[in-house]
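A short write-up of the structure that comes next.
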Ligand code: TRP
């Protein structure tokens, strides 16, 4: 049966795990790319696990900047967007020892040559500002397999760039099952978003480090300022043409996503209004769409204790699940 159909019919037969590196606030790219999908799955009744991947932050930098603060802010963004802490399990790598211990047997299942071929890792190495590539950079896809397999997730909502890691995870699940003659691990599937990749305000990939991202928690004025600075072109007639007018198309797409409309219709409405009218429309669309989320976010932000409590409860639950899986792994390997 097709996955989407199976989720609809029996949501409780599935478990979702996905996560984020705690390096800064979530932005509209995350929101339309995966966050909305996660919440839809949660609301359909699928059990949701969210890992705040604090050890993964150390792949491309020496020291993680204010990790606890970033983790709490991720929880804030999650809750504001609709993650329900009563149903979802939100936790950090560093709070779940048994998850991390799975890394060791998992590493034994992949070759150094395979690790070196991962295209996402290669790309990250090419863009890294570190002078030396650490062992963690090469092995973090295996650690990510532990993130997914400790709770036996079968669905992983991610962006395109994560597909090589999903392939590694499937390989590890299969090899573990084969080598130890067990059916312990499912081979999880990626769930790609159907929304097109949202460009940043400069037309490139939306990313906080490039200064082209609209954070979910940005104020309405900050949002307006970012959109006012977006790259467009001199043609006053606004049309949706992603190939030849990527800047204009990105903005149209953003308004369309916020208003659940077709970008061509948004363009037709603006007509010959030019970039100024386009930007005013997009700003209004984004601010209006995010208003309820931002209101919740501002309320939640006044209670840091609650954010920490959500993480503590998530960590307790994740530890119970990870300990149980580690016991099964030990038994399968004959270690007990
Ligand atoms: N690698 C992911 C990213 O950079 C974050 C992540 C860590 C993740 N562990 C995961 C995603 C497990 C999906 C499943 O965005």
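Every number here is computed from the coordinates shown, using simple stated rules; none is lab data. No experiment lies behind these values; they were computed from the predicted model shown. Virtual Cβ from ideal backbone geometry, glycine too; neighbours counted across all protein chains shown.
Fewest first, what order do 32, 150 take by the number of other Cβ atoms within 10 Å? Show your work: numbers first, answer last.
On the way: 32 20, 150 27.
In order of increasing Cβ crowding within 10 Å: 32, 150.
Report, to the nearest 10°, how far helix 135-149 tilts away from the longest principal axis of the Cα atoms in the chain, using its own Cα long axis and a range of 0 to 90°.
Around 80 degrees separate the two axes.
Go ahead and set up a Gaussian network model of the chain, Cα springs under 10 Å, then flag whichever of 111, 315, 207 fluctuates most.
111
First check a/c for the range 1-116, with a ≥ b ≥ c the square roots of the eigenvalues of its C-alpha gyration tensor; if it is under 1.5, answer rounded, and if not, answer prolate when a/b is larger than b/c or oblate otherwise. Walk me through the numbers before you get to the answer.
Numbers: a/c = 1.91, a/b = 1.21, b/c = 1.58.
Oblate, because a/c is 1.5 or more while a/b does not exceed b/c.
In degrees between 0 and 90, to the nearest 10, how far off the longest principal axis of the chain does helix 274-301 point, with axes built from Cα atoms?
Approximately 40 degrees, to the nearest ten.
Quick one: helix 67-81 against the long Cα principal axis of the chain, what's the angle to the nearest 10°, folded into 0 to 90?
Tilt relative to the chain: about 60 degrees.
Considering only C-alpha atoms, what is the centroid distance from the range 3-41 to the range 284-310, in Å?
Cα centroid to Cα centroid, the span is 19 Å.
Among 87, 15, 129, whose mean-square fluctuation peaks in a Gaussian network model of the chain (Cα, cutoff 10 Å)?
Top of the fluctuation ranking is 129.
Tell me, rounded to the nearest percent, the portion of alpha carbon pairs in the range 220-300 spaced more than 19 Å apart.
Details: 1086 of 3240 pairs.
Cα-Cα pairs of the range 220-300 separated by over 19 Å account for 34 percent.
How far, in nm, would the chain grow between residue 209 and residue 324 when pulled straight, counting 0.36 nm per residue and subtracting the alpha carbon separation?
On the way: separation 115, 0.36 × 115 = 41.40 nm, distance 3.83 nm.
Computed gain between residue 209 and residue 324 is 37.6 nm.
Can you pull the percent of Cα pairs in the chain with separation above 34 Å?
Working: 16233 of 56280 pairs.
It works out to 29 percent of all Cα pairs.
As a footprinting exposure proxy, order 57, 90 by other Cβ within 10 Å, with the fewest listed first.
On the way: 57 20, 90 25.
Fewest-to-most ranking of 57, 90: 57, 90.
Among 19, 203, 33, determine the one that fluctuates most according to a GNM of the chain built with springs between C-alpha atoms less than 10 Å apart.
Its mean-square fluctuation being the largest, the pick is 203.
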